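Structure, as structure tokens:
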Amino acid sequence: DAGVTQSPTHLIKTRGQQVTLRCSPKSGHDTVSWYQQALGQGPQFIFQYYEEEERQRGNFPDRFSGHQFPNYSSELNVNALLLGDSALYLCASSLYTGYEQYFGPGTRLTVT
Amino acid sequence: GESVGLHLPTLSVQEGDNSIINCAYSNSASDYFIWYKQESGKGPQFIIDIRSNMDKRQGQRVTVLLNKTVKHLSLQIAATQPGDSAVYFCAENPRDNFNKFYFGSGTKLNVKP
């Protein structure tokens, strides 16, 4: 049973560019949440997708957007990248009606 | 916003000893908590969870204690092993806020051989 997978593993972008990160949830899970983890900090909730809609959102600007596909996989898009967007981006999957949440390995984004 | 904090940023223990990692949370409405282990370069790994209607829950070598009176959570690791070296996070989930978790900044556990 595959766990949560994310791609790419690492990514380097320039300020002002746009980036798309991808996530496939654990088999049987229908909800995907995205988190940003700065170096030395705990993960910060960005948003959550269920039934292809954004259900909850954390304190992140509109430059951060997402999408969920019918197969439950998800994308995180960040526009107009800033240096401060450099972080580990984590995807977590769960059942919408449940609580246990499992994380993927993350995508390390570096903005130069 | 929510505040989930940890008392000690770094904890060093001898191999074979028991470890206790503490966490304070601020939202008395939180009703579900998870402890995660994060090794370098990896995503957080689910260790154990507990609901607010429980005071204690045990897993394999790990025990989580919840004290709702003082809003305190702890993770106890028995017979700590070198493979337990990692950063440990507690995460809280406010009631009716499915799967939106608030994390603290983590405690780094160093296990000395």
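The values are calculated or read from the model by the stated rules, or taken from the named source; none is laboratory data. On a predicted model such as this, the values are computed, not experimentally measured, just so you know. We place every Cβ from the backbone using ideal geometry, glycine too, and count neighbours over all the protein chains shown. Quick note on the areas: whole protein, heavy atoms, side chains included, nothing else; ligands and nucleic acids left out. Shrake-Rupley method; radii C 1.70, N 1.55, O 1.52, S 1.80 Å.
Residue check, A:S27 against (1) more than 8 Å from chain B (Cβ to nearest Cβ); (2) surrounded by 18 or more Cβ atoms within 10 Å (Cβ to Cβ), all met but one. Which one?
Checking A:S27 against (1) more than 8 Å from chain B (Cβ to nearest Cβ); (2) surrounded by 18 or more Cβ atoms within 10 Å (Cβ to Cβ), the one that fails is (2).
Residues being in contact with a Lys or Arg (Cβ under 9 Å, 6 or more places away or on another chain), over 18 Å from B:Q81 (Cβ atoms) and outside any loop (DSSP other than H, G, I, E, B): count how many of those fall in region B:11-45.
So the count comes out to 6.
Would it be correct to say that B:N99 is touching a Leu at 6+ places or on another chain (Cβ under 9 Å) and surrounded by fewer than 16 Cβ atoms within 10 Å (Cβ to Cβ)? Before the answer, list the steps.
Numbers: touching a Leu at 6+ places or on another chain (Cβ under 9 Å): yes; surrounded by fewer than 16 Cβ atoms within 10 Å (Cβ to Cβ): no.
Judged against the criteria, B:N99 is not a match.
If we keep just the residues of region A:32-45 that are open to solvent by 10 Å² or more (accessible area, probe 1.4 Å) and part of a strand (DSSP E or B), which is nearest to the other protein chains (Cβ to nearest Cβ)?
Just the residues of region A:32-45 that are open to solvent by 10 Å² or more (accessible area, probe 1.4 Å), to begin with: A:36-41, A:44-45.
Okay, now just the ones that are also part of a strand (DSSP E or B), so A:36-37, A:44-45.
Values: A:Q36: 11, A:Q37: 8, A:Q44: 7, A:F45: 6 Å.
Here the answer is A:F45.
Report whether or not A:Q48 is crowded, with 22+ Cβ neighbours inside 10 Å and either more than 14 Å from chain B (Cβ to nearest Cβ) or without any contact (Cβ under 8 Å) to a residue 40 or more places away in the chain (or both). Even if it seems obvious, please write down each step before you answer.
Details: crowded, with 22+ Cβ neighbours inside 10 Å: yes; either more than 14 Å from chain B (Cβ to nearest Cβ) or without any contact (Cβ under 8 Å) to a residue 40 or more places away in the chain (or both): yes.
Spelling it out, A:Q48 is indeed crowded, with 22+ Cβ neighbours inside 10 Å and either more than 14 Å from chain B (Cβ to nearest Cβ) or without any contact (Cβ under 8 Å) to a residue 40 or more places away in the chain (or both).
Restricting attention to region A:82-112, report how many residues are in contact with a helix residue (DSSP H, G or I) (Cβ under 7 Å, 6 or more places away or on another chain) and either within 13 Å of A:I46 (Cβ to Cβ) or at the interface with chain B (Cβ under 8 Å from one of its Cβ atoms) (or both). Show your work before the answer.
In the first step, residues of region A:82-112 are kept if they are in contact with a helix residue (DSSP H, G or I) (Cβ under 7 Å, 6 or more places away or on another chain); the result is A:109, A:111.
Restricting the remaining residues to those that are either within 13 Å of A:I46 (Cβ to Cβ) or at the interface with chain B (Cβ under 8 Å from one of its Cβ atoms) (or both) gives A:109.
Qualifying residue count, region A:82-112: 1.
Out of everything in region A:55-71 that is at pLDDT below 95 and assigned to a strand (DSSP E or B), what residue ends up being nearest to A:G16 (Cα to Cα)?
Among those that are at pLDDT below 95 and assigned to a strand (DSSP E or B), it is A:R57.
Against the condition more than 10 Å from chain B (Cβ to nearest Cβ), on the phi > 0 side of the Ramachandran plot and either open to solvent by 10 Å² or more (accessible area, probe 1.4 Å) or in contact with a strand residue (DSSP E or B) (Cβ under 8 Å, 6 or more places away or on another chain) (or both), how does A:G66 come out, does it pass? Walk me through how you get there before you give the answer.
Working: more than 10 Å from chain B (Cβ to nearest Cβ): yes; on the phi > 0 side of the Ramachandran plot: no; either open to solvent by 10 Å² or more (accessible area, probe 1.4 Å) or in contact with a strand residue (DSSP E or B) (Cβ under 8 Å, 6 or more places away or on another chain) (or both): yes.
When the stated conditions are applied, A:G66 does not pass them.
So which of B:G104, B:G41 ends up being surrounded by fewer than 17 Cβ atoms within 10 Å (Cβ to Cβ) and within 14 Å of chain A (Cβ to nearest Cβ)?
Working: B:G104 fails: surrounded by fewer than 17 Cβ atoms within 10 Å (Cβ to Cβ).
Step by step, each of B:G104, B:G41 is checked, and only B:G41 is surrounded by fewer than 17 Cβ atoms within 10 Å (Cβ to Cβ) and within 14 Å of chain A (Cβ to nearest Cβ).
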